[in-house]
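Report on the structure given below.
What follows is calculated from the coordinates using simple rules that are stated; it is not laboratory data. Only a predicted model underlies this, so the values are computations on that prediction, with no experimental measurement involved. As a convention, Cβ positions derive from the backbone with ideal geometry for all residues, glycine included, and neighbour counts pool all protein chains shown.
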Number of protein chains: 2
Amino acid sequence: MYRAPVADIRHSLLHAADLGKAIENGRAGDLTIDLLDAILAEAARFAEGEIVPLSYPGETSGALFERGRVTMPDGWRDLYTRWRENGWNALTGPVKYGGQELPTSLSAAVCEMWNGASMAFGIGQTLTIGAVDAISAHGSQALKDIYLSKLVSGEWMGTMNLTEPQAGSDLSDLRTRAERRGDGIYRIFGQKIYITFGEHDLTDNIVHLVLARLPDAPAGVKGISLFLVPKFLPDEEGRPGRRNDVVCHAIEHKLGIHASPTCTMIYGDGVGETGEPGAIGWLIGEENRGLACMFTMMNSARLYVGVQGLGVAEAAFQKALDYARERRQGRSTLLAKDRAEPNASAQVPIIEHPDVALMLLRMKVLVGAARAIVHNCAHALDRAETDENERWWSERANLLTPLAKSFPTDIGVEVASLGIQVHGGMGYVEETGAARLLRDARIAPIYEGTNGIQAIDLVSRKLPLSNGDALRDYLAELDAIAEQVAASNREAFGETAARLREALQGLKETSEHLMNLVRSGALSQALSGATSYQRQFALTAGACYLTKAALADAASDTRATLARFMADNVLPETEALRRQVLGGSESLVAAREALN
Amino acid sequence: MYRAPVADIRHSLLHAADLGKAIENGRAGDLTIDLLDAILAEAARFAEGEIVPLSYPGETSGALFERGRVTMPDGWRDLYTRWRENGWNALTGPVKYGGQELPTSLSAAVCEMWNGASMAFGIGQTLTIGAVDAISAHGSQALKDIYLSKLVSGEWMGTMNLTEPQAGSDLSDLRTRAERRGDGIYRIFGQKIYITFGEHDLTDNIVHLVLARLPDAPAGVKGISLFLVPKFLPDEEGRPGRRNDVVCHAIEHKLGIHASPTCTMIYGDGVGETGEPGAIGWLIGEENRGLACMFTMMNSARLYVGVQGLGVAEAAFQKALDYARERRQGRSTLLAKDRAEPNASAQVPIIEHPDVALMLLRMKVLVGAARAIVHNCAHALDRAETDENERWWSERANLLTPLAKSFPTDIGVEVASLGIQVHGGMGYVEETGAARLLRDARIAPIYEGTNGIQAIDLVSRKLPLSNGDALRDYLAELDAIAEQVAASNREAFGETAARLREALQGLKETSEHLMNLVRSGALSQALSGATSYQRQFALTAGACYLTKAALADAASDTRATLARFMADNVLPETEALRRQVLGGSESLVAAREALN
């Protein structure tokens, strides 16, 4: 049974990221350590006590679709209502509209718990956060007044409508059309696919943010506008009134997250009560500037997808650990040699077998590294809001965002798959729940920009930030961690310092290599190494963060032994990645023809 | 749609393994190139034309359980009947009982096609092959006369009943009991779980091989006996007669292979028509020597599970390749720079994006490497049957078996997961079929000895064969491949020779390290590196085999560019594995406490 890892999350926030220092220096707004602890404890209580019991039943029954309606699993509407009434949806929203304006890093921390308890449940909120961000930044005052307090409280939920069958990763061919009807009102016509929580019965209204194209818009992504399209048009009192002309046509039959409805939405099919065809929408931001509006919420949207991967990975680790402690097989005790007689008659828990312990430790350090990257990215987003070095922190957040999206979601799949392996045959049986975590985790490397697209973003847009200084500043910070552990002389770290230095040296080499390629216009060659570089970067940063967190924990060597395990057993993988970045391009081009 | 990769299979059999030379030198029995080609072509026709159309419908409906009966998906009984009537089940069986006694390498080749078309369908046969092997090697003449021709033809299917709830990887705690009733007849009582094809309606009878313990048997694995327990007792004419006291209690709700019923079997529950309780069974081999009997079929059973992973991986690769050629997104053409204008208005197929091409090429070379390892292991098994150097070939087969089981099944999961990623959002939707391949593939690293157990076997039992000479002979052969490519001077190989030499150097280092540990009794430490070593070994051997196969293909550089891609982009991963083997143990022991 999932237990919110409060101590690990707290330590990571405070010491792997710098929330501890920020609170000390008065740079975290009203947040205090006591408040942090209270919130984490309350969130843990809710996740464990309220979400967990409905998680597996919800997965089993799934969201049901019938004639335009989506019925959520039994108990989920009440669950959602309790969750939002406890204020969880309002954590980061603007105070003016009923929010608490707490840092994103805190929101990421509790969001990990929702996703650890049930990824299908955790997803919903992140879309509403995106809608709040977009309306706050770009919406008219009228739109803010009508929608923001409902969305901040979670009384209504938000959605993002980007994808169409022919326009996924590349939105330039988007065809949904918007027609001007005066008074700032538009009519929207078209079909959107893969719309998470596009239709459901958790809330009385749903606020769709929809990308569409005006008749006179330029071709490509510079002709896309963003519209707010509510399911029900609010009446004079702001209550859901007439039905808008938008309907869920079907939901997808997916590998996982069965309780999260993934909808095909039809706009302008004539089903509404609006008098004429076309879904009524209001422009957010300026005409043809829709993509820019979406971009303002991209960082946090991507961060929250990373949090999904993280939450599932932690859940998979815990489940495998529980099983490995209980399940007994085999007598050759190996790791248990100090605990039991060799050849004793009792079978040992499988955790005592090196192969199983190695899998569990790999899972543990990958989760810890992913969490640290997420928290550092979230902290940078927060500081970009409040710090005088707004630009510096903003670049830091930009730099870390592709890592915070891709690494936790990649390791989410890896850790969930290892979790199945630890369970043996039991892992393949659905009732155990381990397989479900792999099914859930598998979407996260895909949506909100595939991890390959994150890598392209990292190499082509983030490395060049401030002419490479954003990256160099960051690498210098990681260097400092390596030097700190070298100076610490704590035996528990073993050769961690040497391993970090070596990995950092490799990372500098590939970074310079790719920056040079980008600078010289050899983008194609640079992108051949992008995915390997992204992984090399994240593994190195993650290992440094685990070390940083361990250095801050003088009371026990446990974290130090984990940092060392990562340095010895995982970090060497960066060497292969380094070589792929430096030398893989030529053989890719040569071998490409073999795919014809 | 799956297409049997006949040309790749043929080339791998003949040139990555040495079937070509063996045929030339008259060491492949009656097999000729013409016969090989005819069989591969016929198998491809059956797989594509007959199995493929029923594969997805079968997965969707799955095997159904009701009151002790399992109903297979619509059309599967007819499919199975056509398949066995075409002689496919009899390929390797003894001529005396209606088989064709063709080499296992040929059987592995066509079995890849069954699994590529439908893993759930492909599994069944391998259990029957196991039963034929066990009865042939250890059964009484009476048992052979009654059962072998039915099993060789596939008129009846076989099963393996090993696992019990408390006895999985470790069979020493097995509790199913057998009672002697005179006349060589035994009564069996107990429960078995995870019995693949334990009950179904494909055939009129099912022949269970069951491990059980006699009342006076020694404790542990030396007190286990093997029994033949038919579902229906054959009558005087050998037709299914009275119902035996064995029944399917339930089937598992699994992540994948939904058309393959995984059964809980109850023996001796009083459901039979045998007059008294207890399933009637006949001893195979000697009392208390059941595990040894099982071991005689272990190598080929493990090989065939490797073939399952391979078949699914090939199917996943093909599906992703088809999609990547068709799906258009994005305009920055990169790899397509010679094919289209940059910034041309048409979107390019996603295969032109480096990230996608890299995934596809990785899939392609991993599949090729896995296939070559499978074929080499199968060829060694064949030669161990027929060659004067029986012992040498037998050791070679023993050495390669853990690699042939673990590597194709590990990469089966990896390749299927990459296949989903190539599809983007479409990959997560079940109708596409990509997700199903991951669900299917995920069992193969678990059953027939988890891949962790394969690694233990490799290090603790296979490395010491002939005091290490079996391994050293093998490494010398791989060395020769590296020298051959160095001498070839073919430009298309790039730096392949250097990469192979380097990887082989690392493999020798870890091999000696582990052999020394095993020799000195430091088994615990050796096993800490076992899984990494197994992967290092397989990647190195696989890269050598791709090179060997490419060297034999002078007509085109395509295979050479693939070998080079593997050497440049995959093989560097062995360096991290080398380090994990050499240095990971200490940090494992230190970090183990962090799991408490």
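One chain, two ends: A:N467 and A:E276. Fully extended at 0.36 nm per residue, the span grows by 63.5 nm beyond their Cα-Cα distance.
Taking amide H as placed 1.01 Å from N in the peptide plane, A:S260 has its amide H under 5 Å from the amide H of A:A63, each at least 5 places away in sequence or on another chain. Give the cross-link partners of B:K150 among the lysines, using a straight C-alpha distance below 20 Å as the criterion and excluding same-chain residues fewer than 8 apart. Those lysines meeting the cut-off are B:K96, B:K231. Within the straight-line cut-off of under 16 Å between alpha carbons, the aspartates and glutamates reachable from B:K222 are B:D170, B:D173, B:E286, B:E287, sequence neighbours fewer than 8 places apart in one chain being disregarded.
What the phi angles of region A:561-567 give under the Karplus curve with 6.51, -1.76 and 1.60, with θ = phi - 60°, is a coupling list of 5, 6, 4, 5, 4, 4, 5 Hz, glycine and proline written as x.
Only Cα pairs under 8 Å and 6+ residues apart enter the sum, and on that basis the relative contact order of chain B stands at 13 percent.
In summary, the lysines within cross-link reach of B:K462, defined as a Cα separation below 21 angstrom excluding same-chain residues under 8 places away, comprise B:K405, B:K508.
Could you tell me what percent of the DSSP beta bridges with both partners in the protein assembly as shown are antiparallel, to the nearest 5?
Beta bridges within the protein assembly as shown, antiparallel portion: roughly 85 percent.
Counting only alpha carbon atoms, the long axis of helix B:390-423 and the longest principal axis of chain B meet at about 70°. Projecting label points 7 angstrom from Cα along Cα→Cβ for B:D34 and B:A522 puts them 6.0 nm apart. Between amide H atoms placed 1.01 Å from N, distances below 5 Å from B:N244 occur with B:F232, B:L233, B:E273, all of them 5 or more places distant or on a separate chain.
Look at the stretch A:438-447: the mean tally of other chain Cβ atoms within 10 Å of its residues' Cβ atoms is 4. When Rg and the Kirkwood radius Rh are both evaluated on Cα atoms of region B:342-416, their ratio Rg/Rh stands at 1.31.
Take each peptide in A:72-80, A:262-270, B:491-499, count the other Cβ atoms within 10 Å of every residue, and average; sorted highest first, the result is A:262-270, B:491-499, A:72-80. Since only B:G529, B:G452, B:T574 are under comparison, the one whose Cα sits farthest along the positive direction of the charge dipole of region B:451-586, derived from C-beta charges on Lys, Arg, Asp and Glu, is B:G452. Between A:R67 and A:K508, the simple spin-label model (points 7 angstrom out along Cα→Cβ) gives 6.9 nm.
A Stokes-Einstein calculation at 20 °C with viscosity 1.002 mPa s, built on the Kirkwood radius of region B:350-503 over Cα pairs, returns a diffusion coefficient of 120 µm²/s.
Near B:A22: Cβ cut-off under 11 Å, other residues only, Lys/Arg at +1 and Asp/Glu at -1. The net charge is -1. A point 7 Å from Cα along Cα→Cβ stands in for B:D74, and the other copies hold the same point at 3.1 nm, listed in rising order. Taking Cα atoms only, the orientation of helix A:33-46 departs from the longest principal axis of chain A by about 80 degrees. What would the Debye formula give as log10 I(q)/I(0) at q = 0.07, 0.15, 0.16 Å⁻¹ for the alpha-carbon point model of region A:6-296, no solvent? So the normalised log intensities are -0.27, -1.16, -1.28. For chain B, the longest principal axis of the C-alpha atoms and the axis of helix B:530-551 are separated by about 60°. For region B:451-586, the equivalent ellipsoid built from the Cα gyration tensor has semi-axes of 29, 14, 11 Å, listed from largest to smallest. Here the sum of -39500 (n - 2.57) over DSSP H runs of 4 or more residues, divided by the residues of chain A, equals -17000 deg cm²/dmol at 222 nm, to the nearest 500. Is the C-alpha gyration tensor of region A:187-278 telling us rounded, prolate or oblate? Criteria: a/c under 1.5 is rounded; beyond that, a/b larger than b/c is prolate, otherwise oblate. Oblate. Each Cα pair under 8 Å and six or more residues apart adds its sequence gap; the mean of these over the residue count of region B:45-112 is a relative contact order of 17 percent. Highest mean first, the peptides B:220-228, B:44-52, B:444-452, A:36-44 sorted by other C-beta atoms within 10 Å per residue fall in the order B:444-452, B:220-228, B:44-52, A:36-44.
Dipole size of the protein assembly as shown about its Cα centre, with +1 on Lys/Arg Cβ and -1 on Asp/Glu Cβ: approximately 380 debye, rounded to the nearest 20. Shown for B:K192, B:K144, B:K548: other C-beta atoms within 10 Å of each C-beta, ranked fewest to most, produce the order B:K144, B:K548, B:K192. Reported to the nearest whole Å, the Cα centre-to-centre distance from region A:279-303 to region A:189-262 is 13. Calculate log10 I(q)/I(0) of the protein assembly as shown for q = 0.10 Å⁻¹, where I(q) comes from the Debye formula with a single equal point scatterer on each Cα and nothing for solvent. Evaluating at q = 0.10 Å⁻¹ gives log10 I(q)/I(0) of -1.35. Counting Cβ atoms of other protein chains within 10 Å of each Cβ in B:250-262 and taking the mean gives 3. Projected label points at A:N596 and A:R3, each 7 Å from Cα along the beta carbon direction, are separated by 6.0 nanometres. For the peptides A:6-19, B:174-187, B:410-423, A:349-362, the ranking by mean Cβ contacts within 10 Å, running from highest to lowest, is B:410-423, A:349-362, A:6-19, B:174-187.
Ranking B:Q166, B:L588, B:S107 by how far each Cα lies toward the positive end of the dipole of chain B (charges on Cβ) leaves B:L588 at the top. Across region A:297-449, the mean sequence separation of Cα contacts (distance under 8 Å, 6 or more residues apart), normalised by length, yields a relative contact order of 35 percent. Legend: mean number of C-beta atoms from other chains within 10 angstrom of residue C-beta atoms, peptide A:413-421, equals 3. Beta-bridge orientation, region B:105-217: approximately 45 percent antiparallel, per DSSP, counting only bridges with both partners inside. When A:D145 is represented by a point 7 angstrom out along its Cα-to-C-beta vector, the spacings to that point in the other copies are 9.9 nm, nearest first. Whole-percent P(r), chain A, all Cα pairs, 10 Å bins from 0: 3, 17, 27, 26, 17, 7, 2, 0, 0.
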